[in-house]
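Chemist: Sending over a structure as structure tokens; questions will come in a sec.
Derivation of every value follows stated rules applied to the coordinates shown; laboratory data play no part. If you're wondering where the values come from, they're calculated on a predicted model, not measured in any experiment. Backbone-built Cβ (ideal geometry, glycine too); neighbour counts: all protein chains shown.
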Amino acid sequence: MTIDLHIHSKNGSDGRWLLPEIFAEAARRGISFISITDHDSVQSQNEAQELACKYRMRYITGVELNVTLTHPTYTKDKAVSVDFLGYGFDIDDEPLNLKLKALRDYREKRAEQILENINHHFRKEGIPELSHKDMETIQASVDGSFGRPHIANYLIKKGIVATKQEAFNRYLVKCDVPKMRLSLQEASMLIRGAGGKLVLAHPNDPNGTSLAVVVKSLAEQEEMIREVMIPLIDGIECWHSRHDEFTSSSYLEFAHRMSLIATGGSDCHQQPVIMGSVAVPDCVAEQFGI
């Protein structure tokens, strides 16, 4: 069985492909158990379930939530972002949908404030300011969650910067506005309240919002999970495209010791297309009754 429980779409998040393209390719690759896990969005779930049925795949509802963690020892009371995955929840759950809408609405207001901050620097540099029309153009380019990468792409299109990295280095880091915070306690309450399970995403991902940016060693990461997360989570994403074999086996053993479920997926955004490339064992499907 080929399993991938971590895929992003253009419909509701920052993937490059629309759902029909994703499922056609997933079918070609022989994926038989799948989940679309868009950031802070469940708007693609109904269509994803219909497409899974069309291609005779098993499907489980999914979402990826960005959680703000603070801890006196591990983060030294500094706010740190860590991603979590929700699975198997009711997509019509009202508290969950209200919170996701609030996160999306705040993200748009945050983007407007970031543009105002960028304009402050543009005035100093003699660059024409971004207008409300520019904001509308950026919004029109967004299929899923509005974020700083969309602004970076627009600055490239306008010829102000050459690359995304330059956009962040020159403007988007110093012009940033804090995100709307979602605590682990609230994320757990929302997902579990909707009948789902909350899973720590890619804990040792060196390039993502993970525990790897807080503590480097697996032993320290596992200790942090024990101290901070155990009562609030149901599982750990052990298999991931940026987890090596040692990380996966260590986290699988830890999940078993802690009586947590173990999940896995590629985290595919279709840039490149890596869905189905992570060797996720059949036992992951068995945990969900498949």
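Chemist: With N denoting the number of residues in the chain, provide Rg(C-alpha) divided by 2.2 N^0.38 Å, to two decimal places.
Modeler: 1.02
Chemist: Something else about it: Nothing charged except the Cβ atoms of Lys and Arg (+1) and of Asp and Glu (-1): what's the magnitude of the dipole of the chain about its Cα centre? Round to the nearest 20 debye.
Modeler: Dipole about the Cα centre, nearest 20: 780 debye.
Chemist: Which pairs break 23 Å Cα to Cα here: 78/157; 54/99; 99/133; 133/164?
Modeler: Pairs exceeding the cut-off: 78/157; 54/99; 99/133.
Chemist: For a footprinting-style exposure proxy, rank 177, 199 by other Cβ within 10 Å, fewest first.
Modeler: Ordered by Cβ neighbours within 10 Å, fewest first: 177, 199.
Chemist: A further question on this structure: At what distance in angstrom do the alpha carbon centres of the range 3-78 and the range 193-235 lie from each other?
Modeler: Taking the Cα centre of each part, the range 3-78 and the range 193-235 sit 18 Å apart.
Chemist: Exposure proxy check: 17, 239 ranked by fewest other beta carbons within 10 Å?
Modeler: 17, 239
Chemist: Convex hull volume of the Cα atoms in the range 180-220, per residue, in Å³?
Modeler: Cα convex hull per residue, to the nearest whole number: 93 Å³.
Chemist: Can you grab the distance from the C-alpha centre of the range 274-290 to the C-alpha centre of the range 100-128, Å, no decimals?
Modeler: 40
Chemist: Right, here's the next one. When the helices in the chain are scored as -39500 (n - 2.57) per DSSP H run of 4 or longer and the sum is shared across all residues, what 222 nm value do you end up with, to the nearest 500 deg cm²/dmol?
Modeler: -11500 deg cm²/dmol
Chemist: Let me test this: with uniform point scatterers at the alpha carbons of the range 1-73, what is the Debye-based log₁₀ I(q)/I(0) at q = 0.23 1/Å?
Modeler: Debye output, listed in q order: -0.95.
Chemist: In which sequence would 240, 256 go, from the one with the fewest C-beta neighbours within 10 Å to the one with the most?
Modeler: Ranking 240, 256 by Cβ neighbours within 10 Å, fewest first, gives 256, 240.
Chemist: With springs only between Cα atoms under 10 Å apart, run a GNM on the chain and tell me which of 40, 267, 244 wobbles the most.
Modeler: Of the options given, 244 has the highest mean-square fluctuation.
Chemist: Turning to a different aspect of this structure: Determine how many Å³ per residue the convex hull of the Cα atoms of the range 89-244 encloses.
Modeler: 142
Chemist: While we're looking at this one, here's another question. What does the C-alpha gyration tensor say about the overall shape of the range 222-286? Classify as rounded when a/c is under 1.5, otherwise prolate if a/b is larger than b/c, or oblate.
Modeler: prolate
Chemist: Dimensions of the range 107-172 along principal axes (Cα, Å, largest first)?
Modeler: Dimensions of the range 107-172 along the principal axes of its Cα atoms: 31, 22, 16 Å.
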